[in-house]
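Every read-out reported here was derived from the displayed coordinates using simple, explicitly stated rules and does not represent laboratory data. Just so we're clear, the structure is a prediction, and the values are computed from it rather than from any experiment. Ideal geometry is used to build each Cβ from the backbone, glycine not excepted, and the neighbour counts take in all protein chains shown.
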Amino acid sequence: MPGNIADTSLARHVDMQQVAAFIASGDLALPPQKTVEQGAATSVLLAASPTVEGITGRYFEDCAQAEQVTARAGAVAGVAPYALDPENAARLWAVSEALVR
């Protein structure tokens, strides 16, 4: 998970009042704020490190493989089991291919 990167303009079109309302309602939990470098670290690791060579089909966050979570309840980390399901991945690939033809 890249995290909550404040020093970018990625959220320039997001209504901050809506975000504040979501946070206040408990419907949205933001991960801890990160620097640009911290936000990019996992992507750089996966692109350049031989320590992850051959590892595919997994989710990573904070430079480590994400733990599976079965209940969100305010969690801002982890990966749901359905996201690791090979049948779901194959179906998503087929739908994506059909959409770009």
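For residue 37 and residue 99, what is the calculated FRET efficiency with R₀ set at 35 Å and r taken between the beta-carbons, to the nearest 0.05?
Details: r = 34 Å, r/R0 = 0.98.
Computed FRET efficiency for residue 37 and residue 99: 0.50.
Would you mind getting me the FRET efficiency between residue 4 and residue 92? Use the beta-carbon distance for r and R0 = 35 Å, nearest 0.05.
Given R0 = 35 Å and the Cβ-Cβ separation, E is 0.85.
I need the shape label for region 27-101. Rule: rounded when a/c is under 1.5, else prolate if a/b > b/c, else oblate, with a, b, c from the alpha carbon gyration tensor.
Because a/c hits 1.5 or more and a/b fails to exceed b/c, region 27-101 counts as oblate.
Using 0.36 nm per residue of separation minus the Cα-Cα distance, give me the extension gain between residue 46 and residue 84 in nm, one decimal.
In short, 11.9 nm is gained.
Under the rule of -39500 (n - 2.57) per DSSP H run of 4 or more residues, summed and divided by the residues of the chain, what mean residue ellipticity at 222 nm is obtained, to the nearest 500 deg cm²/dmol?
Per the formula, -12000 deg cm²/dmol.
Can you give the FRET efficiency to the nearest 0.05 for residue 23 and residue 63, using r as the Cβ-Cβ distance and R₀ = 25 Å?
The calculated FRET efficiency here is 0.45.
How high is the relative contact order of region 4-100, given as a whole-number percent (alpha carbon pairs under 8 Å, six or more residues apart)? Walk me through the numbers on the way to the answer.
Working: 70 pairs, mean separation 21.4, N = 97.
Relative contact order comes out at 22 percent.
For a quick check: with amide H placed at 1.01 Å from N, whose amide H comes under 5 Å from residue 5's, ignoring anything fewer than 5 positions away on the same chain?
Distant-sequence amide H within range of residue 5: 34.
Lys/Arg Cβ at +1, Asp/Glu Cβ at -1, dipole of the chain taken about the Cα centre: which of 95, 56, 70 is farthest positive-ward?
Of 95, 56, 70, it is 95.
Please give the charge dipole size of region 4-100, origin at the Cα centre, charges +1 on K and R Cβ atoms and -1 on D and E Cβ atoms. Round to the nearest 20 debye.
120 debye
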